[in-house]
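Here's the structure we're looking at; comments come further down.
The values are calculated or read from the model by the stated rules, or taken from the named source; none is laboratory data. Only a predicted model underlies this, so the values are computations on that prediction, with no experimental measurement involved. Because the Cβ atoms are built from the backbone with ideal geometry, glycine has one as well, and the counts that use them run over all protein chains shown.
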Amino acid sequence: MAGPLAGLRVVEMAGIGPGPFCAMVLADLGAEVIRVARPGAALDPNDVLARSRTVLHLDLRDPASVREVLALVEHADVLIEGYRPGVMERLGLGPDVCLARQPRLIYGRMTGWGQHGPLSHAAGHDINYIAISGALHAVGRSGSAPVPPLNYVGDFGGGAMLLAVGVLSALFEATRSGRGQVVDAAMTDGAALMSAMMYGMKAAGQWSNQRGENMLDGGAFFYDTYACADGRFVAVGAIEPQFYALLRERCGIADDPAFDAQMDRDAWPLLKLRLAEVFRTRTRDEWCLLLEGCDACFAPVLDWDEAPLHPHNQARQTFCELDGVLQPAPAPRFTRTPPGAPASSATATADAVLQRWRQPALATA
């Protein structure tokens, strides 16, 4: 495997959502990820989160299969699991057992509520975890109900990404201490952490609990989306004075004194209506010709089919194709150790993996 994590050995206990996404990111960056899945689980090329893995089909109700996982753990650097608290312990694969086998192991635990707390054993999904973190309340239009921001904030941002940061941080610490540890990544904690700037702005009196009436939540007329003459949308984020001035110039409203009051919150609703009228005078592509690429902080709002075709995304090769499925390419970029292209997942046996893992890896040689 190519990439900065080449030589890193990861055991992934197959799950849904954030656990697989974290494992995908590690695999994208060069780690060898062995996915332990239930017997009969099919390899689905449309499951982008499962790419670049070696899959072992093991029945963890069978003690022999548990022993095979523990044999892998002895040679692994990281284990990732996303079950409810206590499940891995009941399987005989809890952190105490695994760390006894491999004292340097980083044991990553991905849950919604965390390993402890009054809600830790309750079922839930992204929408529930971001609800108690304050994040969901802030998303939506003024006067309307909160809008789920897909499952970006809890599952992927506050969950998987934070687990990846935690795992890599623990790996760095292990290079000094020689000891592994457990990483407890809770989506409630992560969603709260991602809201740090908003909590700071609220403390400073720059953010309110009124949804859709703040600068970055669609309340400001200069930071919002607008419909064009063809029914498609554009996104505007001209906050700084020089960028706002350029937006006014390109939109033909530089001489309109009403738009001088950029930071007058009382004027925002009316100016939003006025700016909406301006954007309805041209199609989205016509606005792109006028505004895209300049410092007016402008972009077209693209759908899933359009985004991979945008010239900027094509120039950066932001998307790739694997098994006929168009999908995001690995990120971020590295100058010396670029990741390779994603690969199809394939099945293997524990014996085959162990034969390879008994040899020193780059990370431990």
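In segment 162-197, what residues are of a type in the set (A, V, I, L, M, F, W, C) and not in a helix (DSSP H, G or I)?
Val182, Val183, Ala185, Ala186
Looking at Met194, Met201, which is the one that is surrounded by fewer than 17 Cβ atoms within 10 Å (Cβ to Cβ) and within 32 Å of the chain's Cα centre (by Cα)?
Within the list Met194, Met201, the selection yields Met201.
Would segment 301-319 turn up any residue that is at pLDDT 95 or above, within 28 Å of Glu32 (Cα to Cα) and surrounded by 16 or more Cβ atoms within 10 Å (Cβ to Cβ)?
yes
Which of the following residues is exposed (fewer than 13 other Cβ atoms within 10 Å of the Cβ), within 24 Å of Pro45 (Cβ to Cβ) and in the same structural domain as Glu74 (by TED's automatic domain parsing): Ala341, Ala352?
Ala352
Working only within segment 315-365, note down all residues that are touching a strand residue (DSSP E or B) at 6+ places or on another chain (Cβ under 8 Å) and among the polar types (S, T, N, Q).
Thr318, Gln327, Ser344, Ser345, Thr347, Thr349 - these are the residues of segment 315-365 that are touching a strand residue (DSSP E or B) at 6+ places or on another chain (Cβ under 8 Å) and among the polar types (S, T, N, Q).
For residues in segment 289-298 being touching a residue at least 12 places away in the same chain (Cβ under 8 Å) and either surrounded by fewer than 18 Cβ atoms within 10 Å (Cβ to Cβ) or among the charged types (D, E, K, R) (or both), which is nearest to Ala227 (Cα to Cα)?
Within segment 289-298, the match that is nearest to Ala227 (Cα to Cα) is Leu290.
Just to be sure I understand, how many residues within segment 271-284 are exposed (fewer than 13 other Cβ atoms within 10 Å of the Cβ) and of a type outside the set (Ser, Thr, Tyr)?
Within segment 271-284, residues that are exposed (fewer than 13 other Cβ atoms within 10 Å of the Cβ) and of a type outside the set (Ser, Thr, Tyr) number 2.
Restricting to segment 169-180, count the residues that are touching a helix residue (DSSP H, G or I) at 6+ places or on another chain (Cβ under 9 Å) and surrounded by fewer than 18 Cβ atoms within 10 Å (Cβ to Cβ).
The number of residues fulfilling the criteria is 1.
Give me the pairs: first residue in segment 303-315 and free of Cβ contacts under 8 Å to residues at least 60 places away in the same chain and farther than 14 Å from Gly293 by Cα, second residue of a type in the set (Ser, Thr, Tyr) and outside any helix (DSSP H, G or I), beta-carbon distance under 8 Å, and six or more apart or on different chains, which are they?
If the second residue must be of a type in the set (Ser, Thr, Tyr) and outside any helix (DSSP H, G or I), the pairs left are Pro308/Thr318.
For Val236, work out the one condition from (1) free of Cβ contacts under 8 Å to residues at least 60 places away in the same chain; (2) buried (at least 18 other Cβ atoms within 10 Å of the Cβ) it doesn't fulfil.
Failing condition for Val236: (1).
Can you say whether Ala131 is in contact with a His (Cβ under 8 Å, 6 or more places away or on another chain), buried (at least 17 other Cβ atoms within 10 Å of the Cβ) and over 28 Å from Val73 (Cα atoms), as far as the supplied structure shows?
Spelling it out, Ala131 is indeed in contact with a His (Cβ under 8 Å, 6 or more places away or on another chain), buried (at least 17 other Cβ atoms within 10 Å of the Cβ) and over 28 Å from Val73 (Cα atoms).
Being buried (at least 21 other Cβ atoms within 10 Å of the Cβ) and polar (S, T, N, Q), is that true of even one residue in segment 105-125?
Narrowing segment 105-125 to residues buried (at least 21 other Cβ atoms within 10 Å of the Cβ): 105-113.
Okay, now just the ones that are also polar (S, T, N, Q), so 111.
Yes, some residue in segment 105-125 is buried (at least 21 other Cβ atoms within 10 Å of the Cβ) and polar (S, T, N, Q).
Which residues, counting only those in segment 238-271, are among the aliphatic types (A, V, I, L, M), more than 25 Å from Arg141 (Cα to Cα) and touching a helix residue (DSSP H, G or I) at 6+ places or on another chain (Cβ under 6 Å)?
Quick first cut of segment 238-271, residues among the aliphatic types (A, V, I, L, M) only: 238-239, 245-247, 253-254, 258, 261, 263, 267, 270-271.
Filter once more, so that each one left must be more than 25 Å from Arg141 (Cα to Cα): 245-246, 253-254.
Once the filter is applied, which keeps residues that are among the aliphatic types (A, V, I, L, M), more than 25 Å from Arg141 (Cα to Cα) and touching a helix residue (DSSP H, G or I) at 6+ places or on another chain (Cβ under 6 Å), segment 238-271 yields Ile253, Ala254.
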